[in-house]
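The values are calculated or read from the model by the stated rules, or taken from the named source; none is laboratory data. Since the model is a prediction, treat every value here as computed from it, not as a measurement. Cβ placement follows ideal geometry from the backbone for every residue including glycine, while neighbour counts extend to all protein chains displayed. For accessibility, only protein heavy atoms count, side chains too; no ligands or nucleic acids. Shrake-Rupley method; radii C 1.70, N 1.55, O 1.52, S 1.80 Å.
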Amino acid sequence: MYLTACVGAALYPTHGETARDLLRNVDTALHHIKSRDRNAVQFYSPQLTASIGRWVQLEAGLRQAIENDEFTLNFQPKVDLATRCVIGAEALVRWGNEELGSVSPDEFVPVAEEAGLIGAIGNWVLQQACHHAVQWNRGGGQPIHVGVNVSAHQMRRPDIADKVNVCLEESGLDPRLLELELTESVMMDDTGKSIALLEDLRGLGITVAIDDFGTGYSSLSYLTDFPLDTLKVDRAFVMNLPDDRDAVTIARAIIGLAQNLDLHIVAEGIETDEHERFLQGLGSHTGQGYLFSRPLGAAEFNEFIAQNQTPMPVAG
Ligand code: C2E
Ligand code: CA
Ligand code: CA
């Protein structure tokens, strides 16, 4: 058994002059550290009270958000670097209401995870993404796949493969057109279990991508141990190409590794022609980023497809 400790601390008299105030502030510090770390000390500061107020407000808002129809999906095109034709899109969830305005997923996804709401939200995203992908592929032409982000919390739920299967069946989407984007933290949990789960998911016919590669607790061994299809090169390594020598070395190493392991490579965060040319030179075939398009609403993405789809080659 491994025990870890989280400690919240407040100092008399800076953080409170009465026992009640001190204990309340200790609680705030403890709550803050528990949501981030499993083995650490956090001293109280007034900013923590403000951030917990915001957290509570977001949590209350999220509890109503599905019923109130407050989520939408944006789609960011993924393009073939050689032709600039669209080959798929990443579904990115958006949330907003009158009281809070629009809230970034980087801010609300962790709140939803802590509050046990990510399962319901993730399921909604999956259903919608499958439904949209069916529409994109109605007209024939080259297939267009959809990538859906799945957090480590969602992967820990025992019914994730069933949920994916239900979405595929209900929408009628060809499973080959769905890719789940997972981060490295999923692999860290329980290796044996994670491999079995990925095998179940791939058994449905879908593909699995490793997202933000190189930013987490990377271990090269899991690239060979885990059944994966795609590696997404994080934008942190793309941003400083081609002038920064370290960035070049890392990008080259990651892409070389993926090629040798027969993984499909998607480079994220391509913002300039130089990024594009350089990554293509290194052997990346697919790209995503502001150079091609920002995330688009559903209708705008349909327009994008109309303008950027490769026609199906005529048989014979
Ligand atoms: P991510 O999966 O790495 O998604 C890519 C993020 O990079 C998106 O931010 C996108 O708008 C942004 N981006 C794309 N191209 C560029 C570029 O060229 N330059 C720059 N600077 N940024 C670019 P977004 O939409 O704010 O999403 C943030 C994160 O929220 C995502 O990171 C993902 O981890 C999470 N997320 C989004 N949708 C979902 C979802 O449906 N479920 C879960 N569990 N997480 C989600
Ligand atoms: Ca992603
Ligand atoms: Ca990413």
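Let me check I've understood the local charge: for Gly119, count other residues with C-beta under 9 angstrom from its C-beta, Lys and Arg +1, Asp and Glu -1. What total comes out? Numbers along the way, then the final one.
Details: positive: Arg157, Lys163; negative: Asp159.
For residues surrounding Gly119, the net value is +1.
Long-range amide H contacts for Gln142: which residues qualify at under 5 Å (H placed 1.01 Å from N, peptide plane, sequence gap of 5 or more or a different chain)?
For Gln142, whose amide H was placed from the backbone, the distant partners under 5 Å are Thr310, Met312.
Give me, ordered by chain and number, the residues 5 or more places off Val41 or on other chains with an amide H under 5 Å from its own placed amide H.
Hits under the 5 Å cutoff: Val7.
Please list, or write none, the lysines whose alpha carbon is within less than 21 Å of the alpha carbon of Lys163, excluding same-chain residues fewer than 8 places away.
Within reach: Lys193.
With each run of n ≥ 4 DSSP H residues scored as -39500 (n - 2.57), what mean residue ellipticity at 222 nm is computed for the chain after dividing by its residue count and rounding to the nearest 500 deg cm²/dmol? Show your work: numbers first, answer last.
Details: 13 runs with 146 residues, N = 316.
About -14000 deg cm²/dmol.
Under a Cβ-Cβ cut-off of 9 Å, what is the net charge of the residues other than Val148 that fall near it, where Lys and Arg count +1 and Asp and Glu count -1?
Numbers: positive: none; negative: Glu90, Glu179, Glu181.
Summing Lys and Arg as +1 and Asp and Glu as -1 gives -3.
Which trypsin sites (Lys or Arg not before Pro) in the stretch 215-316 sit in a loop by DSSP (not H, G, I, E or B) and have at most 11 other Cβ atoms within 10 Å of their own Cβ?
Those that pass, being in a loop and sparsely packed, number zero.
Only sites in a loop by DSSP and with at most 16 other Cβ atoms within 10 Å count here; which trypsin sites (Lys or Arg not before Pro) in the stretch 2-69 make the cut?
Arg36, Arg38
Do any chymotrypsin sites (Phe, Trp or Tyr not before Pro) in the stretch 38-86 lie in a loop, going by DSSP, with at most 12 other beta-carbon atoms within 10 Å of their beta carbon, and if so which?
Passing both the DSSP loop test and the Cβ count: no residue.
Pick from His31, His153, His275: which is most flexible by mean-square fluctuation in a GNM of the chain where alpha carbon atoms under 10 Å apart are linked?
The residue that fluctuates most here is His31.
Which lysines have a Cα less than 17 Å from the Cα of Lys232, not counting those fewer than 8 places away in the same chain?
Filter leaves Lys78.
Quick check: Cα centre of the stretch 171-223 to Cα centre of the stretch 124-150, how many Å?
18 Å
Quick one: Karplus J couplings for the stretch 139-150, per residue in order, coefficients 6.51, -1.76, 1.60, θ = phi - 60°, nearest Hz, x for Gly and Pro?
Listing the rounded values in order: x, x, x, 5, x, 10, 9, 10, x, 10, 6, 10 Hz.
Roughly to the nearest percent, how much of the accessible area of the chain is carbon and sulfur, given a 1.4 Å probe? List each step's numbers first, then the result.
Values: 8380 of 16570 Å².
Carbon and sulfur: 51 percent of the exposed surface of the chain.
At q = 0.09 Å⁻¹, what log₁₀ I(q)/I(0) does a Debye calculation on the Cα points of the chain give, no solvent, two decimals?
-0.54
Just to be sure I follow the definition: excluding the sites themselves, where is the longest run in the chain that has none of the GluC sites (Glu not before Pro) in a DSSP loop with at most 13 other Cβ atoms within 10 Å?
Numbers: sites that count: Glu17, Glu67, Glu98, Glu99.
Result for the longest clean stretch: 100-316.
Show the residues, 5+ positions off or on another chain, whose built amide H is closer than 5 Å to the amide H of Leu296.
Those lying under 5 Å, H to H, from Leu296 are Phe75, Gln76.
Mean separation of Cα pairs under 8 Å and 6+ residues apart, divided by the residue count of the chain: what relative contact order is that in percent?
Details: 492 pairs, mean separation 50.8, N = 316.
Relative contact order for the chain comes out at 16 percent.
The stretch 2-42 to the stretch 245-316: how many Å between their Cα centroids?
A separation of 45 Å, based on Cα centres.
For Asn97, what is the net charge nearby, where nearby means another residue's Cβ is under 13 Å from its Cβ and Lys, Arg count +1, Asp, Glu -1? Could the numbers behind the result be given before it?
Values: positive: Arg63, Arg94; negative: Glu67, Asp69, Glu70, Glu98, Glu99.
Summing Lys/Arg as +1 and Asp/Glu as -1 gives -3.
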